[in-house]
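Reviewing the structure listed below.
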Amino acid sequence: MILSSNNISSHSKTDLHVLWSLQVFAVVAGSLLVLVIGFILRESWPALSRLGLTRLFTDPGWFPTEHSYQLTPIIGGTMLAACGSILLAAPLGILSALFCHFYAPPLLGKWYRHMIELLAGIPSVVFGFWGLVVLVPLVASWHPPGPSLLAGILILTLMILPTIMLITHSSIAQVPSAYIHSATALGLSRWAVIWHIVLPVSRIGMLTGVFLGLARALGETMAILMVCGNVVQLPSHLFDPIRTLTANIALEMAYALGHHRSVLFMSGLVLMGLVLCFVSVAEALRHKANHAIAK
Amino acid sequence: MLSPSNTIGETGATLMVWTAVTLIATPFLWLSGDLLWYGWHQLSINFVVSVPQNAGREGGIGPILVSTGLIMTVCMAVAMPIGLGTALFLSEYTQNDQVSGRLIRGSLDVLAGVPSIVFGLFGNAFFCQLLGLGFSILSGGLTLACMVLPILIRTVEESFRAIAQDQRLSAAALGISQRATIQHILLPAAIPGVLVGCILGLGRAMAETAALIFTSGYVDRMPTSLMDSGRALSIHIYDLAMNVAGGNSNAYTTALVLIGLLLIINLSASWITKKWTTLNQLPS
């Protein structure tokens, strides 16, 4: 790139104006993150300073009108839904990436990939609506009440599967074909090649996908709000309704005042912290994978 | 393609893979089939232009489409200049290892990972309350603009970086000012990439619900100004499904309209990309 300082031919006024205005835009874009974090912090400050973090775990329950703000069941529900969906989506996603590369006839594999891309493009509110109309009655007919942790896990699985599948797909595509050809020449069977060569070589890419999927599952709001029942409790089994952090914010922001509102912002802060942790792990892994390939 | 050999483990693995694929394909086909089956028969010009009646159970989605359009217009009108300017700054005035560039890029990457409901909280605190815009189309559009900036900047910056260095060097050798280089050489060459970035951002904004619930609000009347509260398509689906008994059939049709719009948006993005790459590959 031509740096302005190295560029002797252009020190005209207009060029400086261009540079300044571009810098202004860049500063605006760059400071947006600080602004977002700053405002969430500012709004949650009353709760942070007067109530403190410990009350989120020691209060008798979640009764905002009685100033009792225990978030344990809500955080538990969030974790259970996200982990459950990862347990389902990771194997399914990895198997479908393997399907595209090694099992499907070329045309079918291409179609299948397009289908997954379409799945990735469906808005979460549509997933939630379909879950509410189709999946919840289905779960209810198996075991009432219907809106439950299970319904949430199933919908989340559908939503994060494309992330895992597409990232695994591209990291499998980067496995040097010489590895696969030589293994085949040695007479290894298809599954042996996959198990001993393809999966170990592309494992970092797969992990990246899993962490990004986990981040997406934690931050997902609409679908989970619509199918999980939103009862504040630690579920004792898969068919119990739960409420997640995101759903809690979406449900109560409209009428929350004072400390209640501040606690909701604080739970947003907790949520953002969790999601950003997983995203940065994924970014670090991606970095590592790129370096491994560059070597 | 590798050849399968007939051991039990091999057959088991094949069976497992095909089962997984069936397990994923079934709900997808079910979902899209449902949307088409229950949504299609109601879809008409009349549905698209008429006013929702009886809390949305009857009537159409006219005002909701207008609100959605206005929210998207505000979003893109704000995000495009900022995104274009930042992308130009990042690609033309910073190198990969420079601190300012790395800071901006890093913060945008983190911003891209922030969950949408957190953007909703931010929008509510900043635009609705601090700036006093209230529940309005303007607040919703501005919140969405913050949300789509990372993806927009990333795509546009890549399209500027894809322009051959020769072009910048020849312009500099001819003594053309940087402003003119940007205006007459870089921008025309990067137009398809800029378009794709904007289209992708638009798609992400249109699919969004959580960030809009408490920024642009629920009101389903025809908006008369940007300060009015306006209901986006996605919120209409949410409201019909959760709060209105008997709203399902209109929710299906609205979902079909939303997905149709998103499909058009994404297809046009990939069409432009394809067209662009074939154009670039022509011998010049």
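The values are calculated or read from the model by the stated rules, or taken from the named source; none is laboratory data. The structure presented is a predicted model; accordingly, all values stated were derived computationally and were not measured. FYI the Cβ positions are ideal-geometry reconstructions off the backbone, even for glycines, and counts take in every protein chain you see. Quick note on the areas: whole protein, heavy atoms, side chains included, nothing else; ligands and nucleic acids left out. Shrake-Rupley method; radii C 1.70, N 1.55, O 1.52, S 1.80 Å.
Some observations on this one:
- Region A:248-285, subset more than 9 Å from chain B (Cβ to nearest Cβ) and within 15 Å of A:Ile75 (Cα to Cα), residue surrounded by the fewest Cβ atoms within 10 Å (Cβ to Cβ): A:Gly273
- Top-ranked residue in region A:52-67 [being outside any loop (DSSP other than H, G, I, E, B) and in contact with a Phe, Trp or Tyr (Cβ under 7 Å, 6 or more places away or on another chain); ranked as least open to solvent (accessible area, probe 1.4 Å)]: A:Leu56
- Of all residues in region A:109-123, those that are open to solvent by less than 40 Å² (accessible area, probe 1.4 Å) and either facing chain B (nearest Cβ under 8 Å) or within 13 Å of B:Ser270 (Cβ to Cβ) (or both) total 7.
- Conditions (1) part of a helix (DSSP H, G or I); (2) within 12 Å of chain A (Cβ to nearest Cβ); (3) surrounded by 17 or more Cβ atoms within 10 Å (Cβ to Cβ); number of the one not met by B:Leu144: (2)
- Just one of (1) in contact (Cβ under 8 Å) with a residue 40 or more places away in the chain; (2) of a type outside the set (Val, Ile, Thr); (3) surrounded by fewer than 24 Cβ atoms within 10 Å (Cβ to Cβ); (4) not in a helix (DSSP H, G or I) fails for B:Leu261. It is (4).
Results for (1) in a helix (DSSP H, G or I); (2) farther than 27 Å from A:Arg286 by Cα; (3) at pLDDT 90 or above, shown as yes or no for each residue.
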{"residue": "A:Leu135", "(1), (2), (3)": "yes, yes, yes"}
{"residue": "A:Ala140", "(1), (2), (3)": "yes, yes, yes"}
{"residue": "A:Pro145", "(1), (2), (3)": "no, yes, no"}
{"residue": "A:Leu150", "(1), (2), (3)": "yes, yes, yes"}
{"residue": "A:Leu156", "(1), (2), (3)": "yes, no, yes"}
{"residue": "A:Pro162", "(1), (2), (3)": "yes, no, yes"}
{"residue": "A:Val198", "(1), (2), (3)": "yes, no, yes"}
{"residue": "A:Leu218", "(1), (2), (3)": "yes, no, yes"}
{"residue": "A:Met226", "(1), (2), (3)": "yes, yes, yes"}
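- Verdict on A:Thr208 being within 12 Å of chain B (Cβ to nearest Cβ) and in a helix (DSSP H, G or I): no
- Of the helices (runs of 4 or more DSSP H) contained entirely in region B:1-114, those carrying at least 2 residues that are open to solvent by 10 Å² or more (accessible area, probe 1.4 Å) and farther than 30 Å from B:Ser229 by Cβ fall at B:8-40, B:62-93, B:99-113.
- The set of residues in region B:155-181 that are surrounded by fewer than 20 Cβ atoms within 10 Å (Cβ to Cβ) and touching a residue at least 60 places away in the same chain (Cβ under 8 Å) contains only B:Arg161.
- Enumeration of residues in region B:214-243 that are open to solvent by 10 Å² or more (accessible area, probe 1.4 Å) and among the β-branched types (Val, Ile, Thr): B:Val219, B:Thr224
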